[in-house]
Structures are given as C-alpha cells and as structure tokens.
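Worksheet for the structure shown next.
The values are calculated or read from the model by the stated rules, or taken from the named source; none is laboratory data. Model, not experiment: these values are computed from the prediction. So basically every Cβ, Gly included, is an ideal-geometry build from the backbone, and we count neighbours across all protein chains shown.
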Amino acid sequence: MISSEPGGLRGFGDVEEPLLVRALRGEPVETTPIWLMRQAGRYLPEYRRVRSQFDFLTVCKTPDLAVEVTLQPIRRFGFDGAILFSDILIPIEAMGLQVRFNPGPEVDAPVRTAKDVQSLRRPDPTVELSFVLETLRLLRRELPPGVALIGFAGGPFTMAAYIVEGESSKDFLLLKSLMYREPLLYHALMEKLSLVVSDYLSAQIQAGAQAVQLFDTWSGILSPRDYREFVLPHVRRIVERVKTPGVPFILFGVGTAGLLEIMVETGADVLGIDWRTSMKDARRRLGPNLPLQGNLEPAVLYAPFEIIRERAREIMEDVGPQSAHVFNLGHGITPETPVEAVSELVRYVHEDGRRLRELAAKGGGM
Ligand code: CP3
C-alpha cells in the first residue's frame, strides 16, 4: 500500500515504526529514507523570518520557537526525520561556560587548566536543559507518525575543541597540545564531557527521541592511532550508557576516511559518512549489514537538477539497494542552498530508492 505522506510507503498496521527508524536498524525497507544535517536553517526564508525577530539562542531555548523551526523543513520537503533544533554547544552553557554565536560559537573563558576542568558542572538535563526535553515532547505530539524524531549531541572531542580553543579553529593546536602534553587532564575533560553527553542523550530518548546522532565533527583531524587512544574509549562509553533497545545510535564525523573501522568499535549502530569517502569504499570496508548514512557533497545542491539526480543515484547504487542506507549530505547544508534543489533531492531519493529495490527484487539489481 502506497501512502503519499512524507515517509513514503507504510505498512498495514498503524503501529509500524517510521521508515527512517526501520532503515537505521538495518531492517528491509520499501524505499530510501532521507533527512539532511542542518535541515532547519538560514537557507529557508521561513527560518530567516523567525531569526529576524529572535536571536539564535532564544530560538534554541524557547520550546515553541524551536518546535516551529524544527517543523519548517518537514512541512516544506517531507523529510523522513525531524532533527531537534538546538546546537551542540547548548549543554556547554549548562556546564557553566558562557557561549555566544557569532554566527559560529565562541566561549568566553576557554578551559585550559585543571581548575577549569574541575569547575565544569555536570548538569541534570531535566533541570538545566528542560527546554530541550520540552521541545522534544512537543515535537513528538506534533509530528506525523511516519516522521522520526532525531535527538543529538556533540561528540566529546568536538565539544572539547570549542571549549579549549574558545572558537572554531583550523588546526586545533591548543586542543592537540593539551592532548599530547597533559594527557591526564585531557582525559579528565573528555570523561566529564562524556558523562554530560550520556545524561543528555538518555534524557532526550526518555523525552521521545527515536534515534540519536553524535556529531563528532572534528574527530577526523586525528590519526587513526590517536583516535583510538584519545576518542574511542570515550565514545564507546557514551554508546554503552545511552544504548536503548530500538533506538538507533548514529555516529558522524568529517574527514573520517581513515577511521571508519575504528569508529565501528564504538558500538554505534550506524555510521554517518562524509562526502570524501565513497559509499562503495565504505560498504566494502564495513560489510553488507552495517547501516550507513550519507553522503552527498553539500555543494552538489548548487548544481543543475540533472547532476543532483545523477550523484544521488550513484550513492544509492554504491551503497546497494538491499543494504541499510539513510540518505543524507556528507556534512551540513549550506546557507545559500536553493530550496528547489532540496525538494528535487527528496523526491528523487524516494522515487529512485523504490526503483532500485524493485529492480533488485526482479534479480536485475546488485
Ligand atoms: O541539523 C539541524 O537542522 C539541527 C540543528 C543544528 C544546528 N547546529 C543549528 C545551528 C545542529 C545539529 C547543529 C550541530 C552543530 N553545531 C555542529 C555539528 C555539525 C556540523 O555542522 O559540523 C557544530 C560543529 C556546531 C557548532 C556551530 N553552531 C557552528 C560552527 C555554527 C555556525 C555555523 C554557520 O553556518 O555559520 C553554529 C550556529 C548554528 N547552529 C546555526 C544553526 C541553524 C546558525 C545560527 C543562525 O541562525 O545564525
């Protein structure tokens, strides 16, 4: 039975879980689900209208506003998942640091010493981050049942990058110096962040998140050997603490071509792949069963529709139609992206995902 609602095909019972959640679990699905990292944001005129009245942090902290901007791309494009509107730096404020957005995050008093690390608080998310949990509860009520609600947090290494550097950086030399010169202090900081992230993600699942993604964006700046020593144990502990039956845990980073096999050792259910790794390569290296998410180069959305469709099709063929795949970009959508390109991508991925599965069922696929 084909439904025209976002989420594409539905089963017969009304208890069936959203397409996206089933695909993230590696279950066979009718077509390829799609959502995009940063799908709510400045490329949408309706988002810019909200932002002309309220600053970014106010939107994040006011559940009615956060719900509204989370829903904007769902209404417009029919994505299969809605990602909570927030930022990876939100829990940092609750740990006691001052954060500003300009538009990238800036931390007023960066963390550099043992005393700085000791004074970081472990917030109770039901108290200090209750606005996030309220946003999730409201979203769960407002979203159509076929659209999955995705929660998220920053990876501890990526959060450490902002709070040690104080702002975005090209080479992250302050963080790396801390790591190599004072490994005990570095690990103490990572442990604290990992506890905060675990509490926070568990609370999001309690509040209704049906999948969670750890954005460990900057972990790709590490060598495989250093990722294993300085990131893997922490992310593994987060996955262990947060793991909830039926709620997929997605791990994403940028520039991770050299790290994929080690990232699997974290125990994450799904890996998000950036665009510099081919899906064919990722699939070959990680085997046929691990659900993968990604990985269209975000700038392809500036190309003519024909090129967008071609690149999307290549990704779906590379990953294999019977293999678990969730379509996404290889990193966040950029602010000048034409909205028509996003509509076309969503339409095409649903259509072509179905076509590839039909082909494979007839024995003509891969
Ligand atoms: O995906 C979504 O739609 C949900 C919301 C979301 C935001 N940030 C909103 C946001 C998510 C999941 C994030 C994650 C995030 N934030 C990451 C990890 C993912 C990634 O892109 O690597 C990182 C590193 C951050 C830190 C951050 N916050 C940066 C670097 C910036 C500036 C980005 C820019 O494009 O200028 C922000 C601000 C921010 N976070 C905006 C949005 C919509 C722009 C704020 C505005 O409206 O001015």
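Numerical summary
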{"item": "Residue in region 93-118 that is nearest to the ligand (Cβ to nearest atom), counting only those that are farther than 20 Å from Ser194 by Cα and of a type in the set (A, V, I, L, M, F, W, C)", "result": "Phe101"}
{"item": "Failed item, numbered, when Gly78 is tested on (1) farther than 30 Å from Arg313 by Cα; (2) more than 13 Å from the ligand (Cβ to nearest atom)", "result": "(1)"}
{"item": "Pairs where the first residue, in region 321-346, is touching a residue at least 12 places away in the same chain (Cβ under 8 Å) and the second is more than 16 Å from the ligand (Cβ to nearest atom) and of a type in the set (Ser, Thr, Tyr), C-beta under 7 Å, 6+ apart", "result": "His325/Thr32; Phe327/Thr32"}
{"item": "Test result for Val132, more than 24 Å from His234 (Cβ to Cβ) and among the β-branched types (Val, Ile, Thr)", "result": "no"}
{"item": "Looking only at region 119-157, and only at residues there that are of a type outside the set (A, V, I, L, M) and crowded, with 24+ Cβ neighbours inside 10 Å, the one that is farthest from the ligand (Cβ to nearest atom)", "result": "Pro156"}
{"item": "Members of region 55-75 found to be assigned to a loop (DSSP other than H, G, I, E, B) and either of a type in the set (Lys, Arg) or within 10 Å of the ligand (Cβ to nearest atom) (or both), listed by number", "result": "Asp55"}
{"item": "Tabulated pairs, region 70-86, first touching a residue at least 40 places away in the same chain (Cβ under 8 Å), second among the hydroxyl-bearing types (Ser, Thr, Tyr) and more than 10 Å from the ligand (Cβ to nearest atom), C-beta under 8 angstrom, 6+ apart or interchain", "result": "Thr70/Thr135; Arg76/Ser343; Phe77/Ser343; Leu84/Thr135; Phe85/Thr135; Ser86/Thr135"}
{"item": "Filter result for Asp116 (over 22 Å from the mean Cα position of the chain (by Cα), under 27 Å from Met179 (Cα atoms) and at pLDDT 95 or above)", "result": "yes"}
{"item": "Region 39-54 - residue that is surrounded by fewer than 18 Cβ atoms within 10 Å (Cβ to Cβ) and in a loop (DSSP other than H, G, I, E, B) and, of those, nearest to the ligand (Cβ to nearest atom)", "result": "Arg42"}
{"item": "Residue in region 296-311 that is away from the ligand (no atom under 16 Å from the Cβ), of a type in the set (D, E, K, R), in contact with a helix residue (DSSP H, G or I) (Cβ under 7 Å, 6 or more places away or on another chain) and in a helix (DSSP H, G or I) present", "result": "yes"}
